[in-house]
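Report on the structure given below.
The values are calculated or read from the model by the stated rules, or taken from the named source; none is laboratory data. Just so it is clear, the model here is predicted, and its values are computed rather than measured. Heads up, the Cβs are rebuilt from the backbone with ideal geometry, glycines too, and the neighbour counts pull from every protein chain shown.
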Amino acid sequence: MTYKRYVGTVEYSREDGILWGRVLGIDDMIDYEGESVSELRKDFENAVNHYLDVCRKTGKEPNPPRQGKIVLTLPVAIEAGLEQVAEETGKSAKALIIDAVRKTYFPAEKSPAKKRRAAPRQAKRLHFA
């Protein structure tokens, strides 16, 4: 789930019978919950807005949301090979890296719009102070 470029998880707690999640990629802990997907999304958006409001009111700089950037230094031989494959396939080096990561770590995903649905599993409810 994303909102204002913040990324949140979606988990299911069989014990509590709720959906819950937390915002990823920031130092502060933001969690949310709901009994339905629409409730979860609404609480997620409210939690992000509350976080930003508290930061604004206290003068704290909020952790920035994910940028979608990773700076990567490759060994020269791999970079050269990647550029050669990119030229041969007509794809960019960036597209080849994204394809490789997607196929290796997210094989069930056909595209970002079609995400696999994981089987529900029991998750421990986390509480943050």
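Residue pairs whose Cβ atoms lie under 9 Å apart, separated by 6 or more positions or on different chains, with the first residue in segment 80-98 and without any contact (Cβ under 8 Å) to a residue 12 or more places away in the chain and the second hydroxyl-bearing (Ser, Thr, Tyr), are Ala86/Ser92; Ala95/Thr89.
Restricting attention to segment 87-113, the residues that are part of a loop (DSSP other than H, G, I, E, B) and either modelled with pLDDT under 90 or assigned by TED's automatic domain parsing to the domain that holds Leu24 (or both) add up to 7. Just one of the numbered conditions (1) surrounded by 11 or more Cβ atoms within 10 Å (Cβ to Cβ); (2) under 30 Å from Ile97 (Cβ atoms) is not true of Cys55: (2). Considering only residues that are small (Gly, Ala, Ser) and part of a strand (DSSP E or B), which ones fall in segment 1-53? Across segment 1-53, the qualifying residues are Gly8, Ser13, Gly21, Gly34. Restricting Val37, Val85, Val7 to those that are of a type in the set (A, V, I, L, M, F, W, C), in contact with a helix residue (DSSP H, G or I) (Cβ under 9 Å, 6 or more places away or on another chain) and surrounded by 11 or more Cβ atoms within 10 Å (Cβ to Cβ) reduces the list to Val85. When segment 62-86 is filtered for residues that are part of a loop (DSSP other than H, G, I, E, B) and not polar (S, T, N, Q), the ones remaining, listed by number, are Pro62, Pro64, Pro65, Arg66, Gly68, Lys69, Ile70, Val71, Leu72, Leu74, Pro75.
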